[in-house]
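The values are calculated or read from the model by the stated rules, or taken from the named source; none is laboratory data. All values reported here derive from a predicted model rather than from experimental measurement. Cβ atoms come from the backbone with ideal geometry, glycine included; neighbour counts cover every protein chain shown.
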Amino acid sequence: MPVDGPFRIYVDALPTGATLDLSHYLTSVLLNLASAAEEDGKGLLAELVHIAQCARQAAAQGPDSHAAHERDERVADLLKEVADDGRVPVYGAQVLRLADRLLSIGALKSVPAPRRGGEAA
């Protein structure tokens, strides 16, 4: 685990890259959403439905439409409210641990050259 606070971040290798496990952070976001729903469930639901409508209109009208801009603004406002603007803080030595882990996964690996017809390996 490269990062253990304030949110745990796990990094695992994939054949073509890496996965960042942000489930600890996302749990916090969902708990904040649940709290917001408890405080004003109808208002939160109305906001989410409006965002979904804007997203559907933006898909039909294009990325520079009024609906796309409104969707982005409302999503940003909600992220500010429940997810610290969607930013995951990483502090001090944790930054280096995360960077080292990503570098170790991303380091180019030696790949053998393909054989030509009949050549020995």
Checking Leu30, Leu26 in turn, the sole residue that is over 30 Å from Ala107 (Cβ atoms), assigned to a helix (DSSP H, G or I) and among the hydrophobic types (A, V, I, L, M, F, W, C) turns out to be Leu30
Val88 vs (1) out of contact with any Pro (no Cβ under 9 Å at 6 or more places or on another chain); (2) under 28 Å from Pro2 (Cβ atoms); (3) crowded, with 16+ Cβ neighbours inside 10 Å: all pass except (1)
Test of understanding: among Leu26, Leu30, Leu44, which residue is surrounded by 14 or more Cβ atoms within 10 Å (Cβ to Cβ) and at pLDDT 95 or above? Leu44
When only residues in the stretch 79-121 that are at pLDDT 90 or above and not in a helix (DSSP H, G or I) count, which is farthest from Thr27 (Cα to Cα)? Gly92
Criterion: at positive phi, touching a helix residue (DSSP H, G or I) at 6+ places or on another chain (Cβ under 9 Å) and of a type in the set (Gly, Ala, Ser) - qualifying residue of Gly43, Gly92, Gly86: Gly86
Being under 21 Å from the mean Cα position of the chain (by Cα), loosely packed, with under 13 Cβ neighbours inside 10 Å and modelled with pLDDT of 95 or more is true for just one of Ala60, Ala76, Ala68. Which residue is that? Ala76
